[in-house]
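The values are calculated or read from the model by the stated rules, or taken from the named source; none is laboratory data. Every value quoted in this text rests on a predicted model; they were computed, and no experiment measured them. Neighbour counts are summed over all protein chains in view; Cβ atoms, including those assigned to glycine, are modelled from backbone coordinates with ideal geometry.
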Amino acid sequence: MEKKSPQNVQEQRLRELLSRGLAGDARAYHAFLQELSAHLRAFLRRRLASLPDDVEDLVQESLLAVHIKRHTYDRALPVTPWIHAIAKYKLIDFLRRRARGDLLTDSLDDEFDLSSPGDTEASDARRDLGKLLESLPERQRLPIIHTKIEGLSVAETGRRIGMSESAVKVAVHRGLKALAAMIERKA
């Protein structure tokens, strides 16, 4: 009998949990997000060894993107490459922002556009995200909306809502973490 590699075991487990979650099994989806968090953390740590403080933000952004785009996953294909593609897009966005010196702005890629006309699932995801954002305190919600959705810089956001740049960064980080926790609880 052939021994399965740890990667194959993990792929099979993530794929099974996501498939069950997409079929309506909330516990399986919660377990998927938990295991995915650890997987993404390791994946991104290897790529950001010199920037360990930024890994958790990217993990949360990637989890949120996976949740929003879950309807695009093709169950006939392996899940890990799909997840890695999403995480790589988030990593590339981060590196671009870093190169520009604007670390916490993020324009939504066309691929992650939540407002594509006629796409019911994307509309549902946008509505879900709106509800999740509304449940955040204003001090976290506004910095996320301005930096992550509207694409304003941290400095512009701080001026607009009367917060220091460091307070905006902290609020975005805490808000993304709270959103990920809400998604896990709802799953």
| query | In the stretch 11-41, what count of residues is obtained for those that are acidic (Asp, Glu) and farther than 16 Å from Trp82 by Cα? | reply | 1
| Since Leu51 meets every condition but one in (1) in contact with a helix residue (DSSP H, G or I) (Cβ under 6 Å, 6 or more places away or on another chain); (2) closer than 17 Å to Leu176 by Cβ, which condition does it not meet? | (1)
| task | Output the qualifying pairs, or none if there are none: Cβ atoms under 6 angstrom, residues six or more apart or on different chains, first residue in the stretch 126-154 and under 10 Å from Leu179 (Cβ atoms), second residue of a type in the set (D, E, K, R) and part of a helix (DSSP H, G or I). | result | Leu133/Arg141; Gln140/Arg174
| note | Picked from the stretch 137-174 (must be part of a loop (DSSP other than H, G, I, E, B) and modelled with pLDDT under 90), the residue surrounded by the most Cβ atoms within 10 Å (Cβ to Cβ) is Leu152
| request: Report, ordered by the first and then the second residue, all pairs with beta carbons closer than 6 Å, sequence separation of six or more or different chains, a first member in the stretch 34-59 that is part of a helix (DSSP H, G or I), and a second member that is among the hydroxyl-bearing types (Ser, Thr, Tyr). | output: Leu40/Ser62
| query | Name the pairs whose Cβ atoms lie under 6 Å apart, with the first residue in the stretch 1-27 and on the phi > 0 side of the Ramachandran plot, the second modelled with pLDDT under 90 and not in a helix (DSSP H, G or I), and 6 or more positions between them or separate chains? | reply | none
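For (1) surrounded by 14 or more Cβ atoms within 10 Å (Cβ to Cβ); (2) out of contact with any Phe, Trp or Tyr (no Cβ under 8 Å at 6 or more places or on another chain); (3) among the aliphatic types (A, V, I, L, M), each residue gets a yes or a no:
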| residue | (1), (2), (3) |
| --- | --- |
| Gly21 | yes, no, no |
| Gly24 | no, yes, no |
| His30 | yes, yes, no |
| Arg45 | yes, yes, no |
| Thr80 | yes, yes, no |
